[in-house]
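Notes follow once the structure below has been shown.
The values are calculated or read from the model by the stated rules, or taken from the named source; none is laboratory data. Since this is a predicted model, take the numbers as computed values, not measurements. All Cβ positions, glycine included, derive from the backbone under ideal geometry; neighbour counts span all protein chains shown. The area values use the complete protein model at the heavy-atom level, side chains included, leaving out ligands, DNA and RNA. Shrake-Rupley method; radii C 1.70, N 1.55, O 1.52, S 1.80 Å.
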Amino acid sequence: MCGIVAALAARNVQGILLEGLKRLEYRGYDSAGMAVLENGVLERQRANGKVAALEEKLDQHALEGSIGIAHTRWATHGKPSEVNAHPHLAGGRVAIVHNGIIENFEPLKRELEADGVVFESETDTEVVAHLIDRAFAASHDLLAAVQSVLARIDGAYALAVMHADAPREIVGARKGSPLVVGAGIGENFLASDTLALLQVTDRFVYLQEGDVVRLSDAQGIEIFAGGEPAEREVHTFEHGDGAASRGEYRHFMLKEIHEQPSVIAATLAGRLSGSHVLESSFGVGARALFERVRQVHIIACGTSYHAGMVARYWLEKLAGIPTTVEVASEYRYREVVVPEDTLFVTLSQSGETADTLAALRYATSREANGARGYLATLAICNVPGSSLTRESDLSLMTQAGPEIGVASTKAFTTQLVALMLLTLSLRGTRGDERETALVQALRGLPALLEQALEMDGPIAELSEAFAEKHHALFLGRGTQFPIALEGALKLKEISYIHAEAYPAGELKHGPLALVDADMPVIAVAPNDELLEKLKSNLQEVRARGGELFVFADESVALTAADNLRVLHVPAVDEYLAPIVYTLPLQLLSYHVAVLKGTDVDQPRNLAKSVTVE
Ligand code: HGA
């Protein structure tokens with residue numbers, strides 16, 4: 001959340017910063033701003049609303065400068081407005097952009113106000129600008145000034161700072177929010193993610209927790225950890241710059257839905273033999289460690305949490321391993337009983353999700369605090385070098401490539417594939433008949449997903465029935481219950497239709513009271529052992545005049561009728577059905593949102609990569 005981009009170059013940086021902001025807009029889009037420094041003078045432009053509003057202002061009054069910082073905001077402290085937009089200035093000398101929350105900003109603000117500082121904005125960020133201004137006045141060294149201020153602030157941050165009297169320097173820092181350094185030729189950059197900079201470089205350094213970085217003409221990139229110079233590896237980005245564009249698609253979300261066959265093939269590549277999963281994909285020593293696992297705790301947020309819920313069914317049924325799944329924001333604040341030999345698994349697209357990361361840290365600190373610790377930690381994540389993967393014992397990278405649409409699609413299905421690989425690896429019956437059959441089914445999955453995408457046309461037609469609705473109910477049983485939850489979440493996120501999901505068996509325990517002709521009911525009905533029970537539940541809906549939309553296996557004998565529409569999904573192995581059935585639900589919410597004219601890729605009030613608590 002909140003996007004930062006900064007550039008120190010020998011050319012005008014306005015275009016680089018603006019392009020960076022456009023690529024970071026998925027992280028926040030309630031206001032945007034930019035400041036450049038030229039000949040010791042800071043100039044700034046800010047606008048309320050999206051980056052396009054800032055661009056219009058820059059068209060009227062361009063900024064000229066070869067060093068600059070920019071920001072797209074997702075407000076936490078102070079409403080979205082021009083005055084609260086970053087960069088924030090202090091004394092006309094310091095400019096700062098910040099992602100995160102300064103938890104102790106109130107006492108610091110009171111202290112500064114008592115000392116005569118007048119604040120322009122309601123943000124926590126402005127406090128940091130004034131503190132740096134004061135520290136610089138004492139030391140005349142921007143790096144030292146930033147380091148001394150960091151020692152006084154609590155909370156999470158990624159920041160980039162310039163000072164008019166340090167005209168060829170940018171200092172950045174990260175703790176709790178991501179920041180990458182882009183290494184160019186004779187120019188260097190900072191940004192919240194690599195995508196923002198692919199137009200100018202493909203070489204990146206992922207900063208670690210607590211790192212401070214100084215970009216300067218004289219020294220290039222210098223990184224400091226605990227005040228001492230530190231070496232960090234330079235990574236080359238391999239997905240190409242196309243990852244940051246919509247290509248032929250109208251929205252990133254649609255592009256990402258259609259990428260699922262190929263990114264799932266990429267997630268499987270090199271991880272399967274003819275008959276079993278190659279456990280080494282999870283890291284060195286994974287096989288020996290997996291043999292000891294007796295329990296699994298899965299922690300995640302949002303869509304990733306739904307992936308974890310599917311995995312619980314798989315792990316208990318296929319591997320016989322007791323599994324719990326919990327949202328990270330709950331887990332991190334309660335006393336958890338950890339049975340012996342429990343594997344702690346986190347799921348996060350970005351690997352920076354604040355609550356998930358905090359849950360991992362809580363889990364790993366248990367032993368030190370006298371409680372029973374976990375056997376090991378495993379992160380399933382889409383961003384290499386992210387905090388979650390660095391801080392876990394084992395990791396499995398999904399190969400979804402950059403996901404720009406705020407509503408997660410391909411990150412979810414690649415997580416499911418990764419969780420199936422985990423399930424098979426934990427079974428301890430390497431290469432038996434069942435595993436061999438599932439390995440074959442996994443290999444066939446991309447082709448099945450291609451077939452599922454052919455449902456796009458009929459689903460677009462079907463979506464018309466939802467455009468005027470205010471509520472919807474999703475039903476599923478077994479592994480399809482979390483898929484129903486995910487379908488409801490997608491519809492809420494991008495079409496703003498209130499949607500709920502229930503295990504179909506729960507219907508008569510309450511939600512059936514809501515069913516009438518205005519309440520569309522969507523059911524997912526693969527051909528599994530619960531099918532007959534689900535059919536009875538659907539009859540209960542029809543008997544109450546509800547309008548039913550059923551995504552069903554081709555072999556399911558359900559005859560379309562007035563208030564019953566059936567869309568056939570390609571036949572699939574029952575264990576992989578949740579992955580295939582996700583696609584039509586994604587397409588449904590996408591088409592409903594398009595019909596409603598909402599902002600599909602940047603839905604209101606949301607942002608991607610939730611790096612604040
Ligand atoms: N607290 C700052 C930055 C917010 C942020 O990073 N959101 O993700 C503000 O409110 O401006």
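Given (1) part of a helix (DSSP H, G or I); (2) closer than 30 Å to Leu426 by Cα; (3) open to solvent by 20 Å² or more (accessible area, probe 1.4 Å), identify the lone condition not met by Lys255.
It is condition (2) that Lys255 fails.
What's the total number of residues in region 70-79 that are within 11 Å of the ligand (Cβ to nearest atom) and either surrounded by 23 or more Cβ atoms within 10 Å (Cβ to Cβ) or closer than 21 Å to Ala196 by Cβ (or both)? First the steps, then the outcome.
First, the residues of region 70-79 that are within 11 Å of the ligand (Cβ to nearest atom): 71-79.
Still in the running and either surrounded by 23 or more Cβ atoms within 10 Å (Cβ to Cβ) or closer than 21 Å to Ala196 by Cβ (or both): 71-76.
Summing the residues that are within 11 Å of the ligand (Cβ to nearest atom) and either surrounded by 23 or more Cβ atoms within 10 Å (Cβ to Cβ) or closer than 21 Å to Ala196 by Cβ (or both) in region 70-79 gives 6.
Given Leu131, Leu112, Leu108, Leu89, which one is assigned to a strand (DSSP E or B) and either away from the ligand (no atom under 15 Å from the Cβ) or over 23 Å from Arg23 (Cα atoms) (or both)?
The match here is Leu89.
Confirm whether Ala156 is open to solvent by 10 Å² or more (accessible area, probe 1.4 Å) and within 16 Å of the ligand (Cβ to nearest atom).
Values: open to solvent by 10 Å² or more (accessible area, probe 1.4 Å): yes; within 16 Å of the ligand (Cβ to nearest atom): yes.
So Ala156 passes the test.
If I filter region 89-99 for residues that are of a type in the set (A, V, I, L, M, F, W, C), within 24 Å of Gly405 (Cα to Cα) and surrounded by 23 or more Cβ atoms within 10 Å (Cβ to Cβ), do I get at least one hit?
Filtering region 89-99 down to residues of a type in the set (A, V, I, L, M, F, W, C) leaves 89-90, 94-97.
From what is left, the residues that are within 24 Å of Gly405 (Cα to Cα) are 97.
Remaining after also requiring surrounded by 23 or more Cβ atoms within 10 Å (Cβ to Cβ): 97.
Looking through region 89-99, at least one residue is of a type in the set (A, V, I, L, M, F, W, C), within 24 Å of Gly405 (Cα to Cα) and surrounded by 23 or more Cβ atoms within 10 Å (Cβ to Cβ).
For region 1-46, name all the residues that are open to solvent by less than 10 Å² (accessible area, probe 1.4 Å) and either in contact with an Asp or Glu (Cβ under 6 Å, 6 or more places away or on another chain) or hydroxyl-bearing (Ser, Thr, Tyr) (or both).
Ala9, Ser31, Val36
Mind checking which residues of region 390-416 are farther than 28 Å from Ser365 by Cβ, of a type outside the set (D, E, K, R) and in a loop (DSSP other than H, G, I, E, B)?
Within region 390-416, Gln399, Ala400, Gly401, Pro402, Ile404, Gly405, Val406, Ala407, Ser408, Thr409 qualify.
Quick check: is even one residue across region 21-41 under 25 Å from the mean Cα position of the chain (by Cα), closer than 24 Å to Arg168 by Cα, within 16 Å of the ligand (Cβ to nearest atom) and not in a strand (DSSP E or B)?
yes
For region 183-221, what are the residues that are out of contact with any Phe, Trp or Tyr (no Cβ under 8 Å at 6 or more places or on another chain), in contact (Cβ under 8 Å) with a residue 60 or more places away in the chain, farther than 16 Å from Met162 by Cβ and open to solvent by 20 Å² or more (accessible area, probe 1.4 Å)?
Gly186, Asp193, Gln199, Tyr206, Gln208, Glu209
So that you can scan it fast, the table gives a plain yes or no per residue for (1) open to solvent by less than 10 Å² (accessible area, probe 1.4 Å); (2) modelled with pLDDT of 95 or more; (3) at negative phi:
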residue	(1), (2), (3)
Ser275	no, no, yes
Gly283	no, no, no
Ala286	yes, no, yes
Ile298	yes, yes, yes
Arg334	no, no, yes
Leu347	yes, yes, yes
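Filter region 115-128 down to residues that are within 16 Å of the ligand (Cβ to nearest atom) and among the aliphatic types (A, V, I, L, M), then give me how many there are. Show your work before the answer.
So the first thing to find is which residues in region 115-128 are within 16 Å of the ligand (Cβ to nearest atom), and the list is 119-128.
With the extra rule that they be among the aliphatic types (A, V, I, L, M), the set shrinks to 127-128.
Result for region 115-128: 2.
Take region 365-387 and flag every residue that is among the polar types (S, T, N, Q) and either surrounded by fewer than 17 Cβ atoms within 10 Å (Cβ to Cβ) or more than 25 Å from the chain's Cα centre (by Cα) (or both).
So the first thing to find is which residues in region 365-387 are among the polar types (S, T, N, Q), and the list is 365, 369, 377, 382, 386-387.
Once the filter is applied, which keeps residues that are among the polar types (S, T, N, Q) and either surrounded by fewer than 17 Cβ atoms within 10 Å (Cβ to Cβ) or more than 25 Å from the chain's Cα centre (by Cα) (or both), region 365-387 yields Ser365, Asn369.
Go through (1) out of contact with any His (no Cβ under 6 Å at 6 or more places or on another chain); (2) more than 16 Å from the ligand (Cβ to nearest atom); (3) without any contact (Cβ under 8 Å) to a residue 40 or more places away in the chain; (4) open to solvent by 10 Å² or more (accessible area, probe 1.4 Å) for Ala145 and report which single condition fails.
(4)
Of all residues being in contact with a helix residue (DSSP H, G or I) (Cβ under 6 Å, 6 or more places away or on another chain) and of a type in the set (Asp, Glu) in region 392-448, which is farthest from Leu585 (Cα to Cα)? Just the residue, please.
The residue in question is Glu435.
Restricting attention to region 55-62, does a residue exist that is within 11 Å of the ligand (Cβ to nearest atom) and either under 25 Å from the mean Cα position of the chain (by Cα) or within 25 Å of Val181 (Cα to Cα) (or both)? Give the steps one after another, and end with the answer.
Taking region 55-62 as the starting set, the residues that turn out to be within 11 Å of the ligand (Cβ to nearest atom) are none.
No.
Is there any pair linking a residue in region 561-586 that is within 24 Å of Leu421 (Cβ to Cβ) to one that is polar (S, T, N, Q), with Cβ under 6 Å and at least six apart or on different chains, and which?
Pro570/Gln451; Pro578/Thr479; Ile579/Thr413; Thr582/Thr413; Gln586/Thr409
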